[in-house]
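What follows is a set of notes on a single structure, which appears directly below.
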Amino acid sequence: MKRNMLILKKKLVKRPLYKFFIVFVVFFACTKNSEEEIVASQPTIDNNNNNNDMPNETDFDSDTLVGDTIITEPPLPIILKSFRNDVEPILKNRCISCHQSGNMKGGVDLSDYSKVGQVISPSNSGGSPLYGSVAQIFGSSMPPNGGKLSSGDIETIKIWIDEGALDN
């Protein structure tokens, strides 16, 4: 009987499917042990405070436990582009000399937010005449003399419009 088993084993080992099965079983056994070791090595939080070395949920106010790291600060807020701080200085520096009350070339007044609102499409820089002109995409390219706005200034105007062109 032993001899028959040896012959059977030799035949099975020669078959590729049997070899695959052996490799699969060995791999599965190794990964299962690795997962158990990883889980066993993770710290746990004891809500009954039986383990004084480990923090429990009463040890934190609004903190968040992520893995082994405690996040104590709230995430940074998204900073929107501001008309007053970001866009208006660009317009005053590069556009107002030709586009203000009393001197509105092309019929465009960029002297304040309400006037700028007439040449923008909030949340749609691609459809805004102001952006199209300063990016020199369509319409008349602005400014016509003195060189194109810097790519940073153009991007600021684009982002401000795409963020909704708020009066802030």
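Here, each number is a calculation from the coordinates, and none is a lab measurement. As the structure is a computational prediction, the values presented were derived from the model and not from experiment. Glycine also receives a Cβ, built like all others from the backbone with ideal geometry; neighbour counts cover every protein chain displayed.
Structural remarks
So that you can scan it fast, the table gives a plain yes or no per residue for (1) touching a helix residue (DSSP H, G or I) at 6+ places or on another chain (Cβ under 6 Å); (2) over 18 Å from Gly164 (Cα atoms); (3) of a type in the set (D, E, K, R):
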residue: Leu80; (1), (2), (3): no, no, no
residue: Phe83; (1), (2), (3): yes, no, no
residue: Cys98; (1), (2), (3): yes, yes, no
residue: Gly102; (1), (2), (3): no, yes, no
residue: Gly107; (1), (2), (3): no, yes, no
residue: Leu110; (1), (2), (3): yes, no, no
residue: Lys115; (1), (2), (3): no, no, yes
residue: Ile120; (1), (2), (3): yes, no, no
residue: Gly127; (1), (2), (3): no, no, no
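- Every residue from the range 110-136 that is exposed (fewer than 14 other Cβ atoms within 10 Å of the Cβ) and either free of Cβ contacts under 8 Å to residues at least 12 places away in the same chain or not in a loop (DSSP other than H, G, I, E, B) (or both): Ser114, Gln118, Gly126, Gly127
- Count of residues meeting criterion [within 19 Å of Leu149 (Cβ to Cβ) and surrounded by fewer than 18 Cβ atoms within 10 Å (Cβ to Cβ)] in the range 89-109: 8
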